[in-house]
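Take a look at the structure set out below.
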Amino acid sequence: MKKLSILILFAFVSLSVNAQTAEELKKEQAPKKAKIAKLQGEVDALQAKINALPGWRKGAFGTIGASISGFNNWYSRSAPTASAGNIGVTINAFANLIEEDYFWRNSAAVNLGWVKLDEKGVAGDEGFDAATDVFTISSLYGKRLNKKWALSGLAEYRTTIIDNFNDPGYLDLGVGMTWTPTNNLVVVMHPGNYNFVFSSGDTVFESSLGAKIVADYTKKYGKLSVKSNLSMFQSYKTSDLSNWTFTNSLGYTIWNGIGVGFELGLRKNKQEALNNALITDVNSTFSNVDNKLQSYFLLGLSYAF
């Protein structure tokens, strides 16, 4: 009994010492965390000054999403032996030259995806089919009037590259004004813009004159990379020829540039909706076509360059 009492006493003393040690360590840790937070604030302030200096700014980050599955004699399925795969890749890159009296901003965005469902005994479905196919490149030049406003010219090209390259393809060329309230936000307002639409054969696609609005936000918050881009064209001829695309990309770095990425894209384009509807219904027109919201998304591993 005496030995048991001694053991209990030792256990109690040990727990008390450990608890006191943990409290002491936490008290010692608190001022160090405060110092780190203060230093991080100073680093961020210096980085902001560096970003404001004239010269080139370059960067890129991308996302890869993939899944593969297979079934062999899995009798609960209608096709017991099958394999499936899904692969998606996105890349967002920019190269911006920022000077005191002018700027030249260049960006490119690519989103490619493939899917596969191969059922044994069914011919013709062995390969991967294109699922997502987006390619956009733009170049914006601006001559500054002051720190926030500039006279500008924009060239923007959008198409697909896996299927039907440049069919359709969209090339916007325009001039107007650009507003840059911060280093990360660029808003383009071009009332004089021509939207060239390229397509093969006798199609519904038509080029027209109109207004172009682009809003682009790119920023890095510590380990989080963010890019959001809205590109709109409003035709002066008819709203049937107008279109807009809105893309949002996130990349969170976890280790050595590797992390988690997500991209969401939305689009409205009545010319594309009608061109697709005519495949199954030759009586489709601009007045009766259902111009549904187009969308895609990708979630997977990301890598920041």
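Here are the numbers:
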| quantity | calculated |
| --- | --- |
| Within region 230-247, considering residues that are hydrophobic (A, V, I, L, M, F, W, C) and crowded, with 22+ Cβ neighbours inside 10 Å, the one farthest from Glu156 (Cα to Cα) | Leu241 |
| Failed condition for Asp290, given (1) part of a strand (DSSP E or B); (2) surrounded by fewer than 16 Cβ atoms within 10 Å (Cβ to Cβ); (3) at pLDDT 90 or above | (1) |
| Where Lys49 falls short, out of the listed (1) surrounded by 10 or more Cβ atoms within 10 Å (Cβ to Cβ); (2) not in a loop (DSSP other than H, G, I, E, B) | (1) |
| Condition met for Asn184 (within 14 Å of Asn248 (Cα to Cα) and of a type outside the set (Lys, Arg)) | no |
| Condition check for Asp133: closer than 27 Å to Leu241 by Cβ and among the acidic types (Asp, Glu) | yes |
| Matching entry among Gly222, Gly259 (being touching a Ser or Thr at 6+ places or on another chain (Cβ under 8 Å) and at pLDDT below 95) | Gly259 |
| Pair list, Cβ under 6 Å, 6 or more apart: region 226-242 residue within 22 Å of Thr203 (Cβ to Cβ), other residue aromatic (Phe, Trp, Tyr) and not in a strand (DSSP E or B) | Asp240/Phe286 |
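The values are calculated or read from the model by the stated rules, or taken from the named source; none is laboratory data. None of these values were measured; they are calculated from a predicted model. Cβ atoms come from the backbone with ideal geometry, glycine included; neighbour counts cover every protein chain shown.
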